[in-house]
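The values are calculated or read from the model by the stated rules, or taken from the named source; none is laboratory data. The structure displayed is predicted, hence computed values, not measured ones. Glycine also receives a Cβ, built like all others from the backbone with ideal geometry; neighbour counts cover every protein chain displayed. Areas reflect the complete protein model, heavy atoms only, side chains present, ligands, DNA and RNA absent. Shrake-Rupley method; radii C 1.70, N 1.55, O 1.52, S 1.80 Å.
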Amino acid sequence: MNMYQENILEHSRNPSNYGVLDKFTHSVFDSNPLCGDEVSIQLLVDSGIIKKVAFSSVGCVISRAGSSIITEFVIGKSVDDIKKMSKEDMLGILNVELSASRIKCALLGFVALKKSLWGVSDVAD
Ligand code: FES
């Protein structure tokens with residue numbers, strides 16, 4: 001197992017920003033239609049900057065790790081910058097080889113987070 005795979009496992013075992021925010025400005029619930037796994041995300045945005053984020057999920061190792069990693073990544077970033085991120089950007093952050101079905105898992109939290117910022121998805125399935 002390489003260090004990137006170990007990083008995925010560690011994020012799945014001990015996800016960052018796991019839970020629910022008391023106060024938030026954006027929230028979303030989303031699921032992977034292929035398997036039914038679910039993620040909920042809340043964000044607290046102030047002056048265009050993502051100050052806090054939390055997620056909870058019922059899902060596989062990759063989806064939980066992906067959600068953990070993207071929530072770590074977005075804290076302190078501007079909403080405008082995160083809105084510009086592509087799926088390829090997210091997969092670059094994960095930096096592990098994934099099959100097509102696993103890519104859907106890895107993007108679950110990312111797609112949900114973007115939906116919360118746009119109000120609708122700008123990320124094609
Ligand atoms: Fe459902 Fe991965 S198997 S999100």
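Annotations for the structure displayed:
- Semi-axis lengths, Å, the chain, gyration tensor of Cα atoms, sqrt of 5 times eigenvalues: 21, 15, 14
- The chain, helix-only ellipticity at 222 nm - DSSP H runs n ≥ 4, -39,500 (n - 2.57), divided by all residues, nearest 500: -14000 deg cm²/dmol
- For peptides 2-11, 56-65, sequence by mean Cβ density within 10 Å, most packed first: 56-65, 2-11
- Using a probe of 1.4 angstrom and keeping all protein chains present, the accessible surface of the chain works out to 53 square angstrom per residue.
- Judged by the mean number of other Cβ atoms found within 10 Å, the most tightly packed of the peptides 32-45, 14-27 leads the ranking 32-45, 14-27.
- Share of carbon and sulfur in the accessible heavy-atom surface of the chain [1.4 Å probe, %]: 51 percent
- Within the listed set 110, 29, 55, the Gaussian network model of the chain (springs between alpha-carbon atoms below 10 Å) gives the highest mean-square fluctuation for 29.
- Label-point separation, residue 95 to residue 9 (7 Å along Cα→Cβ), nm: 1.8 nm
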